[in-house]
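What follows is a single structure, written as structure tokens, with notes after it.
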Amino acid sequence: MSPDKLVYMANQIGKFFAHQPEEKAVDAVADHIRKFWDPRMRKAILAHVDAGGAGLDPRTLKAVEAVRASVA
Amino acid sequence: MSLIKEIDYGTPAPKSEAQVPLKQVTLTIDGYAVTVPEGTSIMRAAMDTGIQVPKLCATDSLESFGSCRVCLVEIEGRNGTPASCTTPVAPGIVVHTQTERLKSIRRGVLELYISDHPLDCLTCAANGDCELQDMAGAVGLRDVRYGYQGENHLNQAKDESNPYFTYDPSKCIVCSRCVRACEEVQGTFALTIEGRGFGSAVSAGMGEAFLDSECVSCGACVQACPTATLMEKSVIEIGQPEHSVVTTCAYCGVGCSFKAEMRGNELVRMVPYKDGGANEGHSCVKGRFAWGYATHKERILKPMIREKISDPWREVSWDEAIGRVASEFRRIQTTYGQSSIGGITSSRCTNEEAYLVQKLVRAVFGNNNVDTCARVCHSPTGFGLSKTFGTSAGTQDFKSIDQTDVIMVIGANPTDAHPVFASRMKKRLRKGARLIVVDPRRTDLVKSPHIKADHHLPLLPGTNVSVINALAHVIVTEGLVDENFVRERCDWETFQDWAQFVAQPENSPEASEAVSGVPAETIRAAARLFATGGNGAIYYGLGVTEHSQGTTMVMGMANLAMATGNIGRRGVGVNPLRGQNNVQGSCDMGSFPHELSGYRHISDATTRALFETAWGVSLDKEPGLRIPNMFDAAMDGSFRGLYVQGEDIVQSDPDTHHVTSGLSAMECVVVQDLFLNETSNYAHVFLPGATFLEKDGTFTNAERRINLVRKVMPPKQGKGDWEITLDIAKAMGVPMHYDHPSEIMDEIARLTPTFHGVSFKRIDEMGSIQWPCNEKAPEGTPIMHVGGFVRGKGAFMITEYVPTDEKVGPRFPLLLTTGRILSQYNVGAQTRRTGNVVWHPEDILEIHPHDAEQRGIREGDWVRIQSRAGATALHARLTDRVAPGVVYTTFHHPDTQANVITTDYSDWATNCPEYKVTAVQISPSNGPTEWQNEYREHSDQSRRIIPLSVQAAE
């Protein structure tokens, strides 16, 4: 899966929750990704994070990290 | 089985404006005491007690008119012979419907009618279904004394221009039923009575042929006509039907009930059913007339396979085709893993069929890679409304609009896409309801005969959220919030956060004007009207959902409804107008990769356990791929097989290059459809599907109404679609057993709390059921959230405006937005194979004259439209319906493939594609693009079929 697209999608989710305090926003974004992204999409974006996570907004990056436990 | 003849009471039942029961009145008719509501006509009261007063110009779908002078009665103590259709009942009156005097008058009147009517009853298409013939019989007319030598209308020319019905003025009795139907029922005002006295004649427009007039071919006039003056061509061709079956239309999300009138297994005509909950006897050109595709010569009736997508198709037996699907899918799973295949349920098929496909994916494929067409249309509705209200569906029934005072239509064009509901809406508007239209285009609702929007907000595509926030800003800052409602019914904390947010200056109408182009004063006026005008209802379509911020906009509308107290009773609400016939149903049935039927997340162990027990399998707890993700996964090699039931993703999904690249990367694509559609150009197995006329099941419309679809003829290819899915499951080693679709619904009802009370038997008894239908609501639920939201307290969501990244610039300076047209449906696979093509033979680009002039484009020129995703060419139409800077087209024709232009941007929450905003450039062109020519060639190659007979000979 193209990391560019996944990064774009993750940042888009982040923008919706941008008005919330950081902790809540990170939880909300992570929850959304867990609930609606197929595991291979989560794996692919985590691989991108492991490769430096370029392009991910800081809070979204934290949210993606928080998803790691859900991916075997 | 017999022909269903609904009782015609002659005039409509009286309606109470104030919603209080009408007073009852008792009178005597022909010696019988009759008690009816005040305001009832004598004609209706008589029919109520079984006495049919002869009549010609009256029918109960229309207000009484009193022109034919046949329905006369005598009332004791009153002079003269009043018309029973226009005379209301009064307490204690004594009415006689048959006296010597009345008989003589009626016979005289009928004699005059017949004296100018061709006496070709035996060869007339209406023979057996003609009210004039019936009335001549009823009054005992035996002789016409006047002769035919004088001036008459007998040799008038027929107008056969309309593809579906003829107008034969020689048979017209000028009862005005057609003209009144066009006005009162349809609301188009295309017909009139031209001339005076003897010269009076029905005329479409200014003496034009029907086809050239403003007639929208809804069929209301044909249905109202008491003679053969307006007559279906199919009846002329086939003859009168002998039995009928009530079923549900398979076009848009309005879900009209029709009587399929048959001769044996041949469909003669579809007639709207008076007791249909959604349509109450009305129809549009698609449902009423455009069913010829069911027997079109291009329909595929034999299963086919091929090795490569460049090969011709080879007809095979059902066993071979199903065997190929099973072996290929299992081979792919063995090679690439369990999650390397998936399926797409159809929003055109029944609930039972959608349920079976998702069951096949979850229980047989063993993953959750199932999605449905709603992904690309109303997925934001499901998500947005469930977050705010707690349920993924519209809040009202269609009837509710009869009590609406202010209608707000956002990003929807109901006169084209939901015509029967639009007629109801227009009826209400003509009675004085106010109208706000939020749409980039000047749709017909903005201004059409006897309809004019109070406010049109012609926003720039992509700026919905800015405008909804600005509307909310006015309501909050000008103190127009219904605080009692909010305090009692909503989560006060989320309201306060929201109110504070929308009150910020960046959400003011003035700030929005700079973004959306809508004058701040118009926004302010619209907001004030919506908040203070009485019952306010929001109706919306894909102009809301198909954006990067589709979900945000759905939430924004829900916020607005809650803040103004417009939820939880008749006349209000937030109402999605659904595109396809069973979009609501396919979503309800668990077609999304993350949820089981009834919108329960797959990660919920309790729900999963329920299904695991029922199905005897273990289920994957992780959500699967959504449609756009499937193509991405195909490109990276992790997704290789797809079963597509009744959906043409190549034509309907955005960014065609992306879709076809994804499909081309797959090893087994299985298409189940009526025709070789565009997706089948990339398929390896083709399974011929059945039409809605050929199977039993249910559809659920936009008002959550579950209607029965009844089989009226055997499937031409041998199987219902549900049976094909069962065959695949069996061949893959996990058989499921149902003898009839009703048993599938029984399973759905057992496993889905909002459907506990639903069964075919119950729907049959009640006519239709609106879910939730269970122990708490055994009669179903026409209006949602009465007394409390499904989620408890209504939650306000912060809806920050985030502009789409699809922006205009020097290379692509115009914004393309796409939509639908009345005569065509979705990808046009059905409607393009009917007489409807006469109205819309190709997709056309609408462009403002100013933008056209700058580019040297004239009316009718070929133009090339280019976005960063692709290019296509089509003909241009110059119109100020679109604003400068905005262009518009439809996506009904594969020769144009509008979706080769649309991009892969999508809604943040649901991946619903941003069809409504694409930056483009338009330039003159001399014909189709290279891509169009290449595509056409591939498509032609993919329609080569080697029949079984030829294979046997080889």
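Stokes-Einstein at 10 °C, 1.306 mPa s, Kirkwood radius from Cα pairs: D for the protein assembly as shown in µm² s⁻¹?
In µm²/s, the coefficient rounds to 53.
Share of region B:379-576's accessible area from carbon and sulfur, percent, 1.4 Å?
46 percent
When you take every Cα atom in region B:680-777, what is the radius of gyration, and what is Dmax, the widest Cα pair distance, in Å?
15.4, 49
What's the FRET efficiency of B:V617 with A:K24 using the Cβ-Cβ distance as r and R₀ = 56 Å, to the nearest 0.05?
So, using R0 = 56 Å, E works out to roughly 0.90.
Tell me, what % of the accessible area of region B:814-941 is carbon and sulfur with a 1.4 angstrom probe?
Here carbon and sulfur together make up 47 percent of the probe-accessible area.
Mind listing the Cα extents of region B:390-459 along all three principal axes, in Å, largest one first?
Largest first, region B:390-459 extends 33, 27, 20 Å along its Cα principal axes.
How far is helix B:550-563 tilted, in degrees, relative to the longest principal axis of the Cα atoms in chain B, given as a value from 0 to 90 rounded to the nearest 10?
50 degrees
With only alpha-carbon atoms counted, please give the Rg and Dmax of chain B, in Å.
Both quantities, over Cα of chain B: 28.9, 92 Å.
When ligands, DNA and RNA are left out and all protein chains stay put, how many square angstrom of accessible area per residue does region B:143-293 have with a 1.4 Å probe?
Per-residue value: 36 Å².
Would you please give the FRET efficiency between B:D636 and B:W492, computed as 1/(1 + (r/R0)^6) with r the Cβ-Cβ distance and R0 = 56 Å, to the nearest 0.05?
About 0.75, to the nearest 0.05.
Per residue of region B:363-380, in order, report the coupling 6.51 cos²θ - 1.76 cosθ + 1.60 (Karplus, θ = phi - 60°) as ³J(HN,Hα) in whole Hz, putting x for Gly and Pro.
After applying 6.51 cos²θ - 1.76 cosθ + 1.60, I find 8, 9, 5, x, 9, 10, 7, 10, 8, 8, 3, 4, 3, 9, 9, 10, 4, x Hz.
Find the relative contact order for region B:260-379 and round it to a whole percent, using C-alpha pairs within less than 8 Å whose residues are 6+ positions apart.
Value for region B:260-379: 13 percent.
Based solely on C-alpha atoms, express the radius of gyration and the Dmax of region B:871-943 in angstrom.
14.4, 41
What full-extension length gain, to one decimal in nm, is calculated for B:V838 and B:K431 as 0.36 nm per residue of separation minus the Cα-Cα distance?
143.1 nm
Does region B:138-255 come out rounded, prolate or oblate, given a ≥ b ≥ c as the square roots of the eigenvalues of its C-alpha gyration tensor, rounded meaning a/c under 1.5 and, failing that, prolate meaning a/b above b/c?
Because a/c hits 1.5 or more and a/b fails to exceed b/c, region B:138-255 counts as oblate.
Take B:V950 and B:A13, extend 7 Å from each Cα along the Cα→Cβ direction, and tell me the distance between the two endpoints in nm.
Going from the B:V950 label point to the B:A13 one covers 5.9 nm.
Long-range amide H contacts for B:I945: which residues qualify at under 5 Å (H placed 1.01 Å from N, peptide plane, sequence gap of 5 or more or a different chain)?
Amide H neighbours of B:I945: B:W313.
Run the numbers on chain B and let me know its relative contact order in percent, using alpha-carbon pairs under 8 Å that are six or more apart.
13 percent
Amide H to amide H, which residues 5 or more places from B:V268 or on other chains are under 5 Å from it, using H placed in the peptide plane?
B:E261, B:M262, B:R263
Evaluate the distance, in nm, between pseudo-label points positioned 7 Å from the Cα of B:E298 and of B:E194 along their respective Cα→Cβ axes.
Distance between the two pseudo-spin positions: 3.6 nm.
Helix B:741-751: angle to the longest alpha-carbon principal axis of chain B, degrees 0 to 90, nearest 10?
With both axes taken from Cα atoms, the answer is about 60 degrees.
For region B:653-664, take each phi angle, set θ = phi - 60°, evaluate the Karplus expression 6.51 cos²θ - 1.76 cosθ + 1.60, and give the result in whole Hz per residue in order, putting x for glycine and proline.
Along region B:653-664, the couplings run 8, x, 6, 3, 4, 5, 5, 5, 5, x, 5, 5 Hz.
Summing both sides, how much accessible area is buried between B and A? Use a 1.4 Å probe and give Å² to the nearest 100.
In total, chains B and A hide about 2300 Å² from solvent.
Test of understanding: what is the full-extension gain from B:E151 to B:E237, defined as 0.36 nm times their sequence separation minus their Cα-Cα distance?
27.9 nm
For region B:24-138, take the convex hull of the Cα atoms, compute a quarter of its surface area, and give me that in nm², please.
Hull-based average projected area comes out at 7.6 nm².
Give me the tail of P(r) for region A:3-70 as a percent: Cα-Cα pairs with distance above 18 Å.
It works out to 23 percent of all Cα pairs.
Give B:K452/B:K807; B:K55/B:K158; A:K5/B:K807; A:K62/B:K793 a once-over and call out the pairs whose C-alpha atoms are over 21 Å from each other.
B:K452/B:K807; B:K55/B:K158; A:K62/B:K793
So how far apart, in nm, are the two label points at B:D764 and B:H450 if each is 7 Å from Cα heading toward Cβ?
4.1 nm
For region B:379-576, compute Rg over Rh where Rg is the Cα radius of gyration and Rh is the Kirkwood radius from the inverse mean 1/r over Cα pairs.
In region B:379-576, Rg relative to Rh is 0.93.
With a 10 Å radius around each residue's Cβ, average the other Cβ atoms per peptide and rank B:860-869, B:61-70, B:671-680, B:815-824, highest first.
Going by the mean number of other Cβ atoms within 10 Å, highest first, we get B:671-680, B:815-824, B:61-70, B:860-869.
Between B:Y336 and B:N484, take the C-beta separation as r, use R0 = 51 Å, and let me know the FRET efficiency to the nearest 0.05.
Using R0 = 51 Å, I get an efficiency of 0.30.
Could you work out the helix-only [θ] at 222 nm for the protein assembly as shown, with each DSSP H run of four or more residues adding -39,500 (n - 2.57) and the total divided by the number of residues, to the nearest 500 deg cm²/dmol?
Here the helix-only value at 222 nm equals -9000 deg cm²/dmol.
Could you pull out every residue, at least 5 positions away or on a different chain, whose amide H is within less than 5 Å of the one on B:T817? Hs are placed 1.01 Å off N in the peptide plane, and Pro or chain starts have none.
Hits under the 5 Å cutoff: B:V887, B:Y888, B:T889.
Using alpha carbons only, how many degrees (0 to 90, rounded to 10) separate the axis of helix B:318-336 from the longest principal axis of chain B?
For helix B:318-336, the angle is close to 30 degrees.
What is the extension gain from B:A201 to B:E930, computed as 0.36 nm multiplied by their sequence separation minus the C-alpha to C-alpha distance, in nm to one decimal?
257.2 nm
Can you work out the accessible area per residue across region B:677-814, with the rest of the protein chains kept in place, probe 1.4 Å, in square angstrom?
Accessible area per residue: 37 Å².
Cα gyration tensor of region B:814-941, axes a ≥ b ≥ c as square roots of the eigenvalues: rounded (a/c below 1.5), prolate (a/b > b/c) or oblate?
Rounded shape, in that the Cα axes give a/c under 1.5.
Residues in region B:868-887, backbone N under 17 Å from the label point at B:E853 (7 Å along the Cα-to-beta-carbon vector): list them, ranges by number please.
Within reach of a label on B:E853, which here means backbone N under 17 Å from a point 7 Å along Cα→Cβ, region B:868-887 contributes B:877-886.
To one decimal place, what orientation-averaged projected area in nm² is obtained for the convex hull of the Cα set of region B:238-287?
If you wrap the Cα atoms of region B:238-287 in a convex hull and average its projections, you get 3.4 nm².
Through the Karplus equation 6.51 cos²θ - 1.76 cosθ + 1.60, θ set to phi - 60°, convert the phi angles of region B:644-650 into ³J(HN,Hα) values in whole Hz; use x for Gly and Pro.
Taking θ as phi minus 60°, the curve returns 10, 9, x, 7, 10, 5, 5 Hz for region B:644-650.
Quick one: accessible surface of B:D143, probe radius 1.4 Å, all protein chains present, in square angstrom to the nearest 10.
Approximately 90 Å² of B:D143 is accessible to the 1.4 Å probe.
Region B:495-597: Rg/Rh from Cα coordinates, Kirkwood Rh?
1.02
The values are calculated or read from the model by the stated rules, or taken from the named source; none is laboratory data. Fair warning: this is a prediction, and the values are worked out from it, not measured in the lab. All Cβ positions, even for glycine, are placed from backbone atoms using ideal geometry, and neighbour counts span all protein chains on display. In case anyone asks, the SASA skips ligands and DNA or RNA and just uses the protein heavy atoms, side chains included. Shrake-Rupley method; radii C 1.70, N 1.55, O 1.52, S 1.80 Å.
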